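The values are calculated or read from the model by the stated rules, or taken from the named source; none is laboratory data. Predicted model only: the values in this text are computed from it and were never measured. Please note: Cβ atoms are built from the backbone with ideal geometry, for glycine as well, and neighbour counts cover all protein chains shown. Surface accessibility is based on the protein's heavy atoms, side chains included, excluding ligands, DNA and RNA. Shrake-Rupley method; radii C 1.70, N 1.55, O 1.52, S 1.80 Å.
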Amino acid sequence: GMEMRNVGVTASAIQEIRINNNPYTVEYPRWSRRRIEVITKSSADAYHGTFNFLLRDYRLNARDALAVDRPQEQRRIFEGSLFGPVGKSRNTSFLLSGAREEEDLFAVVFAQGPRGPINQNVPTPRVNTVASLRLSHQLSEQQTLFVQLNFQDRWQDNVGVGGTSLAETGTQSRFREDEFVFNHRGVITPNLLSQFRILIGRYWSPTKSNFDAARVVVSDAVTQGGAQADRLSTEAHTSITWLLTQTAGKHTLKYGFNIPDWSRRGLS
């Protein structure tokens, strides 16, 4: 019952996904042609877990016509989830999910320099790590709350390299995001349900040039020198939602307030 900018959990922690093609309602602040509704697996009174592993190797890749030899690329994905009770408690449970994606990628440089043709395979490795931890507690038969921590760290080297752009023109890119979510649901009366949620998050995304020099571009031949692309992007944001759902005979009424995104953003 809460809106997110991303799924927040890995694939093995998802029980069901629904595509809502008619999401026109004042309950959500953003207009959209469709909405993806994600239902995570429930934490039962027993432990359950899933682990997935994926491997892709360059030996099964096709040959690249412009490469000196076949780039030795490889992709590895580790993903899993674990959920169940906290200790012997029947009122407290947890959900832990995480994934790590490692890609040994290569960019093919095929340029014409002052001293002749330049043909290289330049490594452009990429790593993406995501994790989330949710603790749920049943206060009473009428009240339930949970807190959740979300984490993502993604980086890539030699961004922008390839074609006529040499390795020295690349950049190192990183993205780090942390989120804290608090959610409370309570039954005020048999016909009135209260839901409150607050999200606090921040992200930090620097980009640094591989080489500190002027960028030299010779059209359709070669791009060399520095990338001249140093920058730092940051954001601290929060969103708050309080929703009351009331049933009255054959009708359902929803009302409350919503601060969809209150943020401070910086760009250097």
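For the chain, excluding the exposed loop sites themselves (trypsin sites (Lys or Arg not before Pro), DSSP loop, at most 13 other Cβ atoms within 10 Å), the longest remaining stretch covers 116-249. What the phi angles of segment 245-251 give under the Karplus curve with 6.51, -1.76 and 1.60, with θ = phi - 60°, is a coupling list of 10, 10, 9, 9, x, 8, 10 Hz, glycine and proline written as x. Entry note, segment 172-217: relative contact order of 46 percent, from Cα contacts under 8 Å with a spacing of 6+ residues. Pairwise Cα distances in segment 174-223 exceed 15 Å for 72 percent of all pairs. Given R0 = 25 Å, the distance between the Cβ atoms of Ile188 and Ile259 translates into a calculated FRET efficiency of 0.70. Using the 1.4 Å probe convention, the accessible area of segment 70-201 works out to 51 Å² per residue with neighbouring protein chains retained.
Computed extension gain for Arg231 through Arg63, at 0.36 nm per residue and net of the alpha carbon distance, reaches 56.9 nm.
May I ask for the distance between the Cα centers of segment 143-161 and segment 237-268, given as a whole number of Å? The two parts, judged by their Cα centres, are 23 Å apart.
Each residue of segment 93-104 is assigned a 3J(HN,Hα), and the resulting list reads 9, 9, 9, 10, 9, x, 8, 9, 10, 10, 10, 8 Hz, derived from the Karplus form 6.51 cos²θ - 1.76 cosθ + 1.60 (θ = phi - 60°), x at Gly and Pro. Placing dummy labels 7 Å off each Cα toward the beta-carbon, the span from Gln143 to Trp204 is 3.6 nm. Computed extension length for Asn52-Ile19: 9.4 nm, one decimal, from 0.36 nm per residue of separation with the Cα-Cα distance subtracted. For GluC sites (Glu not before Pro), the sites in segment 97-194 that DSSP calls loop and that have at most 16 other Cβ atoms within 10 Å are Glu141. These residues, His137, His251, His48, His237, go from largest to smallest accessible area, 1.4 Å probe, as His251, His48, His137, His237.
For a paramagnetic label modelled on Leu133 (point 7 Å from Cα along Cα→Cβ), amide N atoms under 17 Å away belong, within segment 151-179, to 151-153, 177-179. Each listed q (0.12, 0.15 Å⁻¹) maps to a log10 I(q)/I(0) for the chain, found by the Debye formula over equal Cα scatterers with no solvent: -0.93, -1.19.
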